[in-house]
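Notes follow the structure.
FYI, it's all coordinate maths here, none of it is from the lab. As the structure is a computational prediction, the values presented were derived from the model and not from experiment. Positions of Cβ are backbone-derived with ideal geometry, glycine not excepted, and every protein chain shown enters the neighbour counts.
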Amino acid sequence: MIRDKIVPAGVVSATLAAIGITFGGAAHAASPPGAEARYQQDRANCLAGRTTEDQKTCLKEAGARLEAARKGDLSSPSSAQQAANARKRCDAFTGDDRRTCIARLEDGNTSGSVAAGGELREYKQIVPGVPQDVPPTAAGPSATAAPTPVPRGQ
């Protein structure tokens, strides 16, 4: 004979929650504030075709962004971190090339956007040169050369 056992509702809820945590893992983790709203907005943009990606890729990326936010892996670097990262990229150069790289970051003009395909940084540097009609060895006055006489009016 089978007996029915009455279980209080609180025990059932706690048991189901434990099963959900065990089997659901991080999929049911709490989202940080704003992450769920951002996901819903991203998803709506994907479904409406307001992105540069195809719909399948867009939805996959939106889901990945939400999952990363839940895990705490989604953060934006501060402006100080971004500047430090930019200067680190100039470490590949030495001497004048490195100085020019840093000047391009600090004094250059930036145009474009990531959404449009990338940012373009422009830096103009004026480099004095030697006239082409003067040989490099005669570019400056020689200490031993006598001045050329200037003819006087006739």
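What shape does the range 50-95 take by its C-alpha gyration tensor, where a ≥ b ≥ c are the square roots of the eigenvalues and a/c under 1.5 counts as rounded, a/b above b/c as prolate, and the rest as oblate? In terms of gyration-tensor shape, prolate.
Once the chain from R152 to V130 is taken as fully extended at 0.36 nm per residue, the excess over their C-alpha distance is 4.9 nm.
Residue order for T94, T51, fewest other beta carbons within 10 angstrom first, comes to T94, T51. Across the range 32-75, the relative contact order, built from alpha-carbon pairs under 8 Å that are at least six residues apart, equals 42 percent. Taking a straight line from the alpha carbon of K60, these aspartates and glutamates sit under 13 Å away, with near neighbours fewer than eight places off in the same chain left out: D42. Approximating the spin labels as points 7 Å out from Cα along Cα→Cβ, the K88-to-A30 distance works out to 3.2 nm. Simple spin-label model, 7 Å along Cα-to-Cβ: R121 to I102 in nm? Output for this residue pair reads 1.3 nm.
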